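These notes are about the structure you will find just below.
The values are calculated or read from the model by the stated rules, or taken from the named source; none is laboratory data. Here the structure is a predicted model, which means the values were calculated and not measured. Here Cβ is always computed from backbone atoms with ideal geometry, including for glycine, and neighbour counts include all displayed protein chains.
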Amino acid sequence: MSSFLMMDLRLAARSLRRNPNRTLVAVLTVAMGIIAFLLAGGFIEWIFQSMREATIRWQLGHVQIVRPGYMVKGVADPYRFLLPATSPEFETIQQANGVVSVAQRLAFSGLLSHGDSTVSFIGEGVEPEREVAISDDINLRSGKKLSRSDEKAALLGEGLAKNLGVEPGDDIVLLVTTASGGPNAIEIKVAGIFFTASKEFDDNALRLPIELARKLMRVDGATSWVVLLDRTEQTKATVEHLREVLPTESFQVIPWTDLADFYNKTVLLYSKQINLMKYIIATLILLTISNTQTMSVLERTTEIGTIMAIGQRRSRVLSTFLVEGVLIGVIGGVVGVSAGWLLATIISVVGIPMPPAPGMTTGFTAEILVTSGMAIDAFVLALVTTLLASTLPAGRASRMNIVDALRFNQ
């Protein structure tokens, strides 16, 4: 079997060298299709990765621990689902493999005033020392970040600060309804103004030290514990581990993927577009290689008749043309993957200036991320499409009538 395969490979290589121009066009067609697939797919993959890490590091963390039922009923009454300020379970989470930091957060909302202006806000009490690692993707537009748990200051989202007309150093008043239903207010300074990848978040977000938030809301504890891991790929394993070690009647472990609705919908949308592009590229390769192989069969009709007349089996004729198609796919795939990876590297070094995306306020410099999975997928695409494209011409060649083939062009 192996000797027959080697013979077919040698014959296929010789046949492809007969008409180098046509072979070159076929190989370049495959390679260009693969390059287009890798560059477009790599750009989307980079967008996915950047959006994923931004979602994790400016808001959600990798894992959130809450009381059971908080995600369903906590919006209306978050203080029925408070986690304790100190507990052995918190220490258990900190000691889990891959955990970089665990921070407590207290969600609250109210009205924010400055001068004659008053706007609503959605706030979070945070632990500044622990949030340094978790929220490192939050960018300051001006001012400084929170540094101490006892600091009487707040960070405002850029949109919220613009609506209120404040700058770092200005005094603002927070008016809230406490957990017991009474009013409470506090005057603090604006420490800094931040922006993230989400304009909607920046238009409403406010952060202040959790101790100050607890005094303001007159509660103890937190509404959630936010966990940051070494690597995002560890999320699933960490969630499974925490669900095993934490009592389910007291704690609910939620991965970031269950909370990132916008990210999930964006990935679904762009993934469908990439699949559509894959089908288009596959169709172009199929048509080009099928045409190339058909021309090859027509030019070699007399030769095909001769080899069958001297006893060559039709299956051998079929396999010869199939191997030619596969060889074109292999060469085109290798060239395409190599060139695509090189171009992606060069473009990533230079960068692609991008305007602000929908929902964002600032532009960014994009790159192209070609993963090993994408490279394998592209090579398989080249191989499968060229093999399929060769099937019809190869079948036609193997079914030729010997006498008609010998008389061809006579």
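Put simply, of Leu39, Leu112, Leu24, Leu60 the only residue that is among the hydrophobic types (A, V, I, L, M, F, W, C) and in contact with a strand residue (DSSP E or B) (Cβ under 7 Å, 6 or more places away or on another chain) is Leu112.
Could you check, for region 387-404, whether at least one of its residues is part of a helix (DSSP H, G or I), exposed (fewer than 15 other Cβ atoms within 10 Å of the Cβ) and without any contact (Cβ under 8 Å) to a residue 60 or more places away in the chain? Scanning region 387-404 turns up no residue that is part of a helix (DSSP H, G or I), exposed (fewer than 15 other Cβ atoms within 10 Å of the Cβ) and without any contact (Cβ under 8 Å) to a residue 60 or more places away in the chain. Selection of region 119-134 for residues being crowded, with 16+ Cβ neighbours inside 10 Å, assigned to a strand (DSSP E or B) and under 29 Å from the mean Cα position of the chain (by Cα) yields Gly123, Glu124, Val126. Checked against (1) over 29 Å from the mean Cα position of the chain (by Cα); (2) over 21 Å from Leu246 (Cβ atoms), Asn139 meets all criteria but (1). Within region 93-118, the set of residues being touching a Leu at 6+ places or on another chain (Cβ under 7 Å), surrounded by fewer than 17 Cβ atoms within 10 Å (Cβ to Cβ) and not in a strand (DSSP E or B) comprises just one member, Gly98. The condition (being closer than 20 Å to Asn19 by Cβ, at pLDDT 70 or above, outside the structural domain of Phe194 (by TED's automatic domain parsing) and not β-branched (Val, Ile, Thr)) is satisfied by just one residue among Glu303, Glu324: Glu324.
In the set Ala197, Ala153, Ala185, only one residue is buried (at least 20 other Cβ atoms within 10 Å of the Cβ) and modelled with pLDDT of 90 or more; that residue is Ala153. Note on region 156-177: among residues that are among the aliphatic types (A, V, I, L, M) and within 29 Å of the chain's Cα centre (by Cα), the one that is surrounded by the most Cβ atoms within 10 Å (Cβ to Cβ) is Leu156.
Quick check on Gly33: is it assigned by TED's automatic domain parsing to the domain that holds Val330 and surrounded by 19 or more Cβ atoms within 10 Å (Cβ to Cβ)? Here the answer is yes, as Gly33 does meet what is asked.
What helices (runs of 4 or more DSSP H) completely inside region 160-271 contain at least 3 residues that are of a type in the set (A, V, I, L, M, F, W, C)? Passing ranges, in order: 210-217, 235-245.
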